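Engineer: Here you go, one structure.
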Amino acid sequence: MKQISGDCIMKEVMSVNETVREALAIALLKLMKSQEFAKITVSDIVRVAGVGRSSFYRNFDSKEDLICSYITDLYRERFESYEIPVRLYSSGNIEEFLTPRFNFIKEHQDIFKTLHRQNMLYNFFIMIENDIVPILCGHNAESPYIRAMFSGSCAGVARLWIEHDFAESVEEMVNLFAYLL
């Protein structure tokens, strides 16, 4: 069990490399809370993580790659472990599809608030266009316009929800997003 900003994350036994990757991500998120993202260096990240510089470059190409990979890994781990419908068309209905996704954002609100404060929320959704969006949309994700529409709408809705400090319930957000779709 690992505690991250008040959240406990239960994981099965992790490999050394998985532990290093997570330590780097947690270090970057910690630094992002007090520093501008552009000013954070790889040296800062590895110092806070307590790992060698080569560990960073063995796993990631950039700071952006690190944060995107971390959130994508959290997302995949969550959705695979709970057998949540992965594609919209494999779900019984849109609410069943959207609810776990909004729950994911709310449960990791500290990370998403940090991305928002750093003006990186939209960039994050752009980064996942080629990764998570095809998983969500299935065969429809071949069109770059569909990927852009989905990532842009997700970023916009998430941004407002964060700016409203998650005032609306998950159910209200699901109903709103379902209506917009």
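The values are calculated or read from the model by the stated rules, or taken from the named source; none is laboratory data. Computed from a predicted structure; not experimentally measured. No Cβ is skipped: glycine too gets one built from the backbone with ideal geometry, and neighbour counts run over all protein chains shown.
Engineer: Any idea how many residues of region 146-176 are within 13 Å of LYS106 (Cβ to Cβ) and outside any loop (DSSP other than H, G, I, E, B)? Before the answer, list the steps.
Structural biologist: First, pick out the residues of region 146-176 that are within 13 Å of LYS106 (Cβ to Cβ): 157-158, 161-162, 164-174.
Restricting the remaining residues to those that are outside any loop (DSSP other than H, G, I, E, B) gives 157-158, 161-162, 170-174.
Counting residues in region 146-176 that are within 13 Å of LYS106 (Cβ to Cβ) and outside any loop (DSSP other than H, G, I, E, B) gives 9.
Engineer: Can you tell me which residue among GLU96, GLU83, GLU77 is modelled with pLDDT under 90 and farther than 21 Å from ALA158 by Cβ?
Structural biologist: On the way: GLU96 fails: farther than 21 Å from ALA158 by Cβ; GLU77 fails: farther than 21 Å from ALA158 by Cβ.
It is GLU83.
Engineer: Restricting to region 160-176, count the residues that are without any contact (Cβ under 8 Å) to a residue 60 or more places away in the chain and polar (S, T, N, Q). Give the steps one after another, and end with the answer.
Structural biologist: Residues of region 160-176 that are without any contact (Cβ under 8 Å) to a residue 60 or more places away in the chain, as a first pass: 160-165, 167-169, 172, 176.
Now restrict to residues that are polar (S, T, N, Q): 169.
Of the residues in that region, 1 qualify.
Engineer: So THR41 ticks every box in (1) surrounded by 14 or more Cβ atoms within 10 Å (Cβ to Cβ); (2) at pLDDT 95 or above; (3) in contact with a Lys or Arg (Cβ under 9 Å, 6 or more places away or on another chain) but one. Which box is left unticked?
Structural biologist: Among (1) surrounded by 14 or more Cβ atoms within 10 Å (Cβ to Cβ); (2) at pLDDT 95 or above; (3) in contact with a Lys or Arg (Cβ under 9 Å, 6 or more places away or on another chain), the lone unmet condition for THR41 is (1).
Engineer: Let me ask you something else. Could you say whether any residue in region 1-18 is at pLDDT below 95, of a type in the set (Ser, Thr, Tyr) and surrounded by fewer than 18 Cβ atoms within 10 Å (Cβ to Cβ)? Let's see the steps before the verdict.
Structural biologist: Taking region 1-18 as the starting set, the residues that turn out to be at pLDDT below 95 are 1-18.
The next check asks that each one be of a type in the set (Ser, Thr, Tyr); those that pass are 5, 15.
From the residues that got through so far, the ones that are surrounded by fewer than 18 Cβ atoms within 10 Å (Cβ to Cβ) too are 5, 15.
Yes, there is a match, as at least one residue in region 1-18 is at pLDDT below 95, of a type in the set (Ser, Thr, Tyr) and surrounded by fewer than 18 Cβ atoms within 10 Å (Cβ to Cβ).
Engineer: In region 23-35, how many are part of a helix (DSSP H, G or I) and either under 19 Å from LYS113 (Cα atoms) or in contact with a Ser or Thr (Cβ under 8 Å, 6 or more places away or on another chain) (or both)?
Structural biologist: At the first step, the residues of region 23-35 found to be part of a helix (DSSP H, G or I) are 23-32.
The next check asks that each one be either under 19 Å from LYS113 (Cα atoms) or in contact with a Ser or Thr (Cβ under 8 Å, 6 or more places away or on another chain) (or both); those that pass are 24-32.
Counting residues in region 23-35 that are part of a helix (DSSP H, G or I) and either under 19 Å from LYS113 (Cα atoms) or in contact with a Ser or Thr (Cβ under 8 Å, 6 or more places away or on another chain) (or both) gives 9.
Engineer: Within region 150-167, take every residue that is surrounded by 15 or more Cβ atoms within 10 Å (Cβ to Cβ) and out of contact with any Asp or Glu (no Cβ under 9 Å at 6 or more places or on another chain) and give me the one that is modelled with the highest pLDDT. Spell out the reasoning first.
Structural biologist: Our first condition is that a residue be surrounded by 15 or more Cβ atoms within 10 Å (Cβ to Cβ); within region 150-167, this holds for 150-151, 154-155, 157-159, 161-162, 166.
From the residues that got through so far, the ones that are out of contact with any Asp or Glu (no Cβ under 9 Å at 6 or more places or on another chain) too are 154-155, 157-159, 162, 166.
Values: CYS154: 75, ALA155: 77, VAL157: 84, ALA158: 84, ARG159: 88, ILE162: 93, PHE166: 96.
Here the answer is PHE166.
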